[in-house]
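As structure tokens, the structure follows; a few thoughts come after it.
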Amino acid sequence: LCIASRCPALASTARIAGMHHERQDGSGYHRQAAGSAIPVAARVLAAADVYQAMTQDRPYRAAWRGEQAAAELQRMGTAGQLDPEAVRAVCAAAGAASSPRTTAWPAGLSDREVEVLRLVANGLSNRAIGATLHISPRTAEHHIQNMYSKIGFSTRAAAALFAMQHGLIRPDA
């Protein structure tokens with residue numbers, strides 16, 4: 001990727017390819033980018049890479065059926081590891097069963113509030129949340145206060161526990 005990034009015609013492609021192991025919740029490697037810091041094309045590539053890996057034979061396991069891989073991708077999207085829209089796009093392109101999220105987020109949280117909750121649960125400050133989501137720290141604080149009122153808690157620790165109990169973050173995140 002270093003070589004490709006030196007070629008002007010491939011520079012943008014190299015950046016996308018270099019981020020295909022990043023995850024929405026920041027658990028990827030090596031940059032640990034999160035949320036909107038990951039380009040949309042890299043989010044789609046990440047979901048496609050995971051789907052491809054699951055549906056191919058490996059020395060340690062047989063290939064998964066498309067429906068199994070789609071279900072796991074959906075789980076990863078719900079857990080915040082992969083972009084749910086990218087998951088839907090990959091499953092649709094692969095012809096695998098994929099249903100849109102029909103259940104609401106817990107406590108009536110919006111998609112953005114869930115994104116903020118995940119970042120709060122991972123210990124990010126308002127400033128870091130703002131930088132990650134490309135919003136001001138004050139806007140991040142506004143989202144946090146709305147999220148607190150909806151979940152019925154007013155501390156970051158309680159919000160993190162809420163997120164864990166509702167499957168919005170992994171316990172090891």
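Going by what's in this entry, would ASP57 be described as without any contact (Cβ under 8 Å) to a residue 12 or more places away in the chain and out of contact with any strand residue (DSSP E or B) (no Cβ under 7 Å at 6 or more places or on another chain)?
yes
Listed here are the residues, each with its yes/no results for (1) outside the structural domain of ALA34 (by TED's automatic domain parsing); (2) hydrophobic (A, V, I, L, M, F, W, C); (3) without any contact (Cβ under 8 Å) to a residue 12 or more places away in the chain.
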| residue | (1), (2), (3) |
| --- | --- |
| ALA140 | yes, yes, no |
| GLN145 | yes, no, yes |
| TYR148 | yes, no, yes |
| ARG156 | yes, no, no |
| LEU161 | yes, yes, yes |
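Do we find that ALA63 is of a type in the set (Gly, Ala, Ser), surrounded by fewer than 17 Cβ atoms within 10 Å (Cβ to Cβ) and assigned to a helix (DSSP H, G or I) in this structure?
No: the conditions fail for ALA63.
Out of the range 131-164, which residues are assigned to a helix (DSSP H, G or I) and at pLDDT below 90?
Matches in the range 131-164: ALA131, THR132, LEU133, MET164.
The values are calculated or read from the model by the stated rules, or taken from the named source; none is laboratory data. Predicted model only: the values in this text are computed from it and were never measured. Ideal geometry is used to build each Cβ from the backbone, glycine not excepted, and the neighbour counts take in all protein chains shown.
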